[in-house]
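Some notes on the structure that comes next.
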Amino acid sequence: MPKSTTSPGDEAAIPSRSSGAAKRQESPGLDEAKHVRAQQTAHRAELLRSGRVFAAQMVEPLAGGAFDTDSYHAYIDGILQDLGKPSDPLIRILVEQLAFAHLRLAGLHGSASSAKSTDAVKVYNAACARLMAEVRRSVLTIDSMRGKSPAIPKLKIAKTG
């Protein structure tokens, strides 16, 4: 019997055909590190898609931190429920932006009412007017995307004389 040129500890380092096949069956595709990164990426993408990042950055400063992201999502979910749970992601984004603008508008009105100087009141009221106009345009855009006709009837020219 020929003498082996490998020591007993070396045998584990040399893959045999059977052990290599077993490894391929245990972890098909990605290695463990790539799999973990892919899972983290998917999780982060879902957080972005669901609006959790937006909520965390935008809602908590409202009302001195009186609202948290879960409250905001309950608010958004209620609005989406009232709209019939639209599946279009662009409509959902616009609804979320509109809901936040509505909350921000309340804050601007409060700031205007508690402003100490006339100039500050003018600035806050001007910001309120611009934001209200944007809210109205957003509502019309959402209605248009949902296939609704404008709520305001078109002007008719009256014939006189």
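Okay, here's what the table says:
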quantity	calculated
Flag if M145 is hydrophobic (A, V, I, L, M, F, W, C), out of contact with any Pro (no Cβ under 6 Å at 6 or more places or on another chain) and farther than 25 Å from E46 by Cβ	no
Sole residue being at pLDDT below 90, within 24 Å of the chain's Cα centre (by Cα) and at negative phi, chosen from I152, I93	I93
Pair list, Cβ < 8 Å and 6+ apart or interchain, from segment 104-124 residues that are touching a residue at least 40 places away in the same chain (Cβ under 8 Å) to residues that are in a helix (DSSP H, G or I) and aliphatic (A, V, I, L, M)	R104/L62; R104/L131; G107/L62; G107/A63
Some residue of segment 46-61 being at pLDDT 85 or above, exposed (fewer than 11 other Cβ atoms within 10 Å of the Cβ), over 22 Å from M145 (Cα atoms) and out of contact with any His (no Cβ under 8 Å at 6 or more places or on another chain)	no
Pairs where the first residue, in segment 143-161, is farther than 28 Å from I91 by Cα and the second is surrounded by 10 or more Cβ atoms within 10 Å (Cβ to Cβ) and at pLDDT below 80, C-beta under 6 Å, 6+ apart	none
Top-ranked residue in segment 99-132 [being under 25 Å from G65 (Cβ atoms) and among the polar types (S, T, N, Q); ranked as surrounded by the most Cβ atoms within 10 Å (Cβ to Cβ)]	S111
Any hit, segment 112-127, residues being within 29 Å of R49 (Cβ to Cβ), in a helix (DSSP H, G or I), modelled with pLDDT of 90 or more and aliphatic (A, V, I, L, M)	no
Count of segment 71-98 residues which are of a type in the set (D, E) and surrounded by 17 or more Cβ atoms within 10 Å (Cβ to Cβ)	1
Subset of segment 87-111 (residues that are among the acidic types (D, E) and outside any helix (DSSP H, G or I))	D88
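The values are calculated or read from the model by the stated rules, or taken from the named source; none is laboratory data. Note that the structure is a prediction, hence the values are computed from the model and not measured. Virtual Cβ from ideal backbone geometry, glycine too; neighbours counted across all protein chains shown.
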